[in-house]
1. Mind counting the residues in the stretch C:235-268 that are of a type in the set (D, E, K, R) and surrounded by fewer than 21 Cβ atoms within 10 Å (Cβ to Cβ)?
2. Does residue C:169 satisfy being free of Cβ contacts under 8 Å to residues at least 40 places away in the same chain, touching a helix residue (DSSP H, G or I) at 6+ places or on another chain (Cβ under 6 Å) and either away from every other protein chain (no Cβ under 12 Å) or aliphatic (A, V, I, L, M) (or both)?
3. Kindly provide the set of residues from the stretch B:545-592 that are within 14 Å of another protein chain (Cβ to nearest Cβ) and of a type in the set (D, E, K, R), ordered by number.
4. Would the stretch B:128-139 turn up any residue that is touching a Leu at 6+ places or on another chain (Cβ under 7 Å) and surrounded by 16 or more Cβ atoms within 10 Å (Cβ to Cβ)?
5. Based on what the data block shows, is residue B:513 more than 30 Å from residue A:152 (Cβ to Cβ), in contact with a Lys or Arg (Cβ under 9 Å, 6 or more places away or on another chain) and among the basic types (Lys, Arg)?
6. In the stretch B:148-192, which residues are within 14 Å of another protein chain (Cβ to nearest Cβ) and either among the polar types (S, T, N, Q) or assigned to a strand (DSSP E or B) (or both)?
7. How about the stretch B:611-632: which of its residues are facing chain C (nearest Cβ under 8 Å), more than 19 Å from residue B:278 (Cα to Cα) and without any contact (Cβ under 8 Å) to a residue 60 or more places away in the chain?
8. Taking the stretch A:84-106 on its own, how many of its residues are in a helix (DSSP H, G or I), closer than 28 Å to residue A:15 by Cβ and either more than 7 Å from chain B (Cβ to nearest Cβ) or touching a Pro at 6+ places or on another chain (Cβ under 6 Å) (or both)?
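The values are calculated or read from the model by the stated rules, or taken from the named source; none is laboratory data. Remember, predicted model here, so these are calculated numbers, not experimental data. We place every Cβ from the backbone using ideal geometry, glycine too, and count neighbours over all the protein chains shown.
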Amino acid sequence: MSSAPSSTYSAVTLTVNGEKHTLTVDHRTTLLDALRERLDLTGTKKGCDQGQCGACTVLVDGRRNLSCLQLAVAAEGREITTIEGVAEGDGLHPVQEAFLELDGYQCGYCTPGQICSAIAVIEEHAAGWPSAATDDLRPEAGPPPLTPEEIRERMSGNLCRCGAYVSIVQAVARAAADRSAAKEAVA
Amino acid sequence: MTTAPTARQGAVGTAHTRVEGRDKVTGAARYAAEIPFPGLAHGWLVLSTVARGRIRALDTAPVLAMPGVRTVLHHGNAPQVATDYPGLMGGKPDPTAAVFQHDRVPHPGWPVALVVAETPEQAREAAEALVVHYEQEPHDVVFTADHPRARPTGGFGPAVTEKGDLEAELAASAAVVDAEYTTPEEYHNPMEPHGATARWEDGRLEVVDSNQGTMWVAGELANLFSLDPSAVRVRSEHVGGGFGSKGVRAHQVAAVMAATVLRRPVRVVMTRRQMFSLAGYRSPTAQRIRLGADADGRLRALEHRSLSLTSTVHEFNESASAPSRVMYDADAHHTVNSVVRLDVGTPTWMRAPGEAPGSFALESALDELAEKLGVDPIDLRLRNEPERGPVSGLPFAGRNLSACFREGARRFGWADRDPRPGVRRDGRWLLGTGTAAASFPAGAGPSTAAVTAEADGSFTVRINAADIGTGARTALTLVAADALDVVPDRVRVRIGDSDFGPAMIAGGSTGTRSWSWAIRLAAAELRERLAPDVRVPPEGVTVRSDTTAALGALTQRERHSYGAQFAEVAVDPATGEVRVRRMLGVFAAGRIVNPLTARGQLTGGMVWGISMALHEEGVRDRATGGHYGADLASYHVAAHADVPAVEAHWVDDHDPDDPVGIKGIGEVGIVGAAAAVANAVWHATGVRHRHLPIRPDRVLLAGAPDA
Amino acid sequence: MREFDYRCAHDVPGALALLDGDPEARFLGGGTNLVDLMKTGVERPARLVDVRELPLDRIEPTADGGLRIGATVTNSDLAAHPEVRRRYPALTQAVLAGASGQLRNMATVGGNLLQRTRCGYFADITKPCNKRVPGSGCPAVEGEHHNHAVLGASEHCVATHPSDMGVALAAFDAVVSYATPDGPGELPFGDFYLPVGDTPHRETALPPGALITGVTLPAVPVAARSRYRKVRERASYAFAIGSVAAALDVRDGVVHDVRLAFGAVASRPWRARTAERALTGAPADAGTFAAAADAELAAARPLPHNAYKVTLMRNLVVAELTRLTEEASR
């Protein structure tokens, strides 16, 4: 962070989807508002603005975070990935593809958060992180099978008021299965 | 070029991904508060902290001196609006939306001011800093079944329907159920908060909004601000859920006022907390049901009395006895819908108004009657299939409830069910299954559409539809493609713009039916005009339609969609936890336009049923009259982990009189779903839960059967 | 939200200096609670000192066989840590039972200990609350309290502590380390939270201006056989209405060692020492478990709408100790 022009504003450089943006922010500005109001990246949604719905989920240094509870000024130096940046090039990320094909949404407002969360869920699971639905916590047990129950628990921080949960879970399961199939093919 | 549509397989009835799907999964779809405007200012609403009284003073001077603040609007300086007009949805508008017109505070969360500043952060802090002095008056916010001010009123249908001698038939019955059921305040909580941006552009008011009908909102704004309807344009391209809550609300009116005063675009977005006060809700209900039946299950008596609440400033009646007027007949058949006026905000339509809470009571009572008679709950319902509308006397235009139950029972494995309660265990869990019937009116509203044959061989449909997540945009594309006899790729459907002319709102499960009707009329005429050798000029050939006459010509019938709901639950009697293990619904809902999105509509409704049965409850603090826990951490809607495998299927359902054949599917999915869950909880535990939600503490204190 | 100064600290002395003992300044960890409270107006700091860059993000074994957990370790990293999963599985389960994946990635151990109650009166500045505005009253006692405290509360405040992690830490005798400009200090978990009494606004025994630097778990052999169970009003992403952390060592059918702590029933994670005493040396059967729970819950003072918590906690104790007994005999 460069030196503050005033005690309540700072210049920050945000790295979003690989691009650096330098802007002066009111310290009160959340990462969510900086993305939406300052960088015109409106794919990240504001559902509750208090950490209770998951619509604002983005990846920060590869981990899923809630951008509504993250101050923009404190996001300096972090790699931020939003829904606009999850795909490589003009294509869709496999999780986006699965949501589209299996109708893993209705109104679409929670969708970017669900997708960002799902991308991280698949990585967290592959890294062997347990969840509240995991029976065997022993590290040597390895990642538990990614059952619908595991997916539901891991995705529970993303509310969907339309109730599209059934197809969202199917989409996450398909994307996860495709990912592990691809890994096996490589191995 | 000439247009020569080629014969092809119909698009309606085959699965299609959403036409705007790519925009939704990439974040490219812009919702109301996401459309940039140069010179935009941000408004923040200030709501009353007292439940009833009068505004004595507002200390605006220090707020106006805060950084970035441009104005503070309140009853002392806001533009006047007219409220004495017949609203587009019948009756006068809810005065909660006609903000800042007087100093009265009729309920907690009443909008008292709008603070407008350059940035949202400045507006929020200034709004929070605004000191408002109130003269407080005593309030009454407590809803009770025996409230002395309760009185019958009309809502959806008459206040009272009566035939036969109820007491005599009850006395002559082999079995009688007399039970009271309650449902709490429930809040829509669409994921996208209500938000609108207003600006004046060349003498015309332009509002970008998130709503369920742009013509509705435009019409109300024109009336409120005494503008010619042509001087108002409202657009609403993507809508992040509505469920009945996205009509005319305080934020749009406040934004228009501020844009007018400041002569620049102003955006007002509700906070999640404010939505609990400003966006409407489902009234709590207290219902009493009395059923009397012969030993074989034939109903002799059916009484359904519903009490709901409304505000002191506007009438709304949840009308929970609605399903009893359609579902079952009896020699004596009485229904009453009453309301009591309290010092609370006005409730409104919420997904399956009337039917959702009403079916919980009615379908629970049927289950209780089946238990008393020793009759299978499905058999009991099938033995009471009426020939004609129990109240209307009209014939049914297709009533495929029994087909739903037969198909549902087969798929769910109902035949193997042991009717005894409290006898199945899986570890710490008691298991049970339950069923319930569902119905919802299949209506339509007058709509206009314009279909244009473009010079490049494609077609553009302009219709003022709203896609609030229903998949309407995609469904209408398929309907138009079939009507024009082209592949869907050649049809572009544009919606959500009041300039497209009048059309039904997305509400009452009428949208897709109403809009499809208009598109088909226009498309049929367009095809006639486009003889094979007609050259399409560069501006295209456009045909407009209006369904008003066609709707009027429709024969009077009882038109509804139906469903059979099944649930399996697990109950831990040691902790009171209830988990739905699986849910299945079979529906008779007319022609299914897009199976992919239709399934989501139906299962989404069923998820609402789970949420209603187990989680949702708005809590009011008696002392202040305000909400307790007005946020998504306290007001629980079902999360991923609460929702198991939920299946929806449908049976063939044709109404020969109906030229469209589409019925609504947005609401029937929730109807009966909470009752199916509650009936399954009884089957698991032997304990009947008549008060929603079925919280752990309620299950725990109700105990478990001796078994 | 009021305007505020923001500073990022890179070492502990620097963080303490930036805070400078200013009562209007706050340390910012993951922000999952503080930023929310700033939005609702409950917290109105004039300065935030960001402590996430402090070198306190490690989990290391201690010489006596315990673990030292840095204050800025995230909940996710704590829950996934192999040694935590092996030696204190109830702690992993407790952390994973809390919040959501996103929040666990942000939230820190130090912040978790200092999170504020989720009482709806505390969170709503339009209503009275003794914890927020001392002397303004506690509307929960007469009003909405179905998820409020039954143990250790007072007429001045019946709010509960929302932490799941803290319940496991309480069971395992964690010690909280902190730094002040005058030097470091330590507080045993049992002394970390203050009794409610008539000062519900004073929540911890930390000296003013102190910074939590870490939590040390001693070697607790019985913790290897431990469980955390949480009951809530939806299946996930909700605060507890009752929870229990339990560890049990049964030898020859007799309770050799036991740890028991309750969540969502008191102003702090509630170590059930009375129950532990009743259990130790007694036969490991449902009767003993129920009697021990009853002994602990004899001190409960429920209000009209939260008496179910007494039944709930009793049932949870019996269920979890029974399950641990069965697992041990396998």
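1. Within the stretch C:235-268, residues that are of a type in the set (D, E, K, R) and surrounded by fewer than 21 Cβ atoms within 10 Å (Cβ to Cβ) number 4.
2. Taking the combined requirement at face value, the residue does not satisfy it.
3. Answer for the stretch B:545-592, where residues must be within 14 Å of another protein chain (Cβ to nearest Cβ) and of a type in the set (D, E, K, R): B:572, B:577, B:579, B:581, B:582.
4. Yes, the conditions are met somewhere in the stretch B:128-139.
5. For residue B:513, the condition - more than 30 Å from residue A:152 (Cβ to Cβ), in contact with a Lys or Arg (Cβ under 9 Å, 6 or more places away or on another chain) and among the basic types (Lys, Arg) - is met.
6. Scanning the stretch B:148-192 gives B:185, B:186, B:189.
7. If the condition is that a residue be facing chain C (nearest Cβ under 8 Å), more than 19 Å from residue B:278 (Cα to Cα) and without any contact (Cβ under 8 Å) to a residue 60 or more places away in the chain, then B:623 is the only one that fits.
8. Qualifying residue count, the stretch A:84-106: 5.
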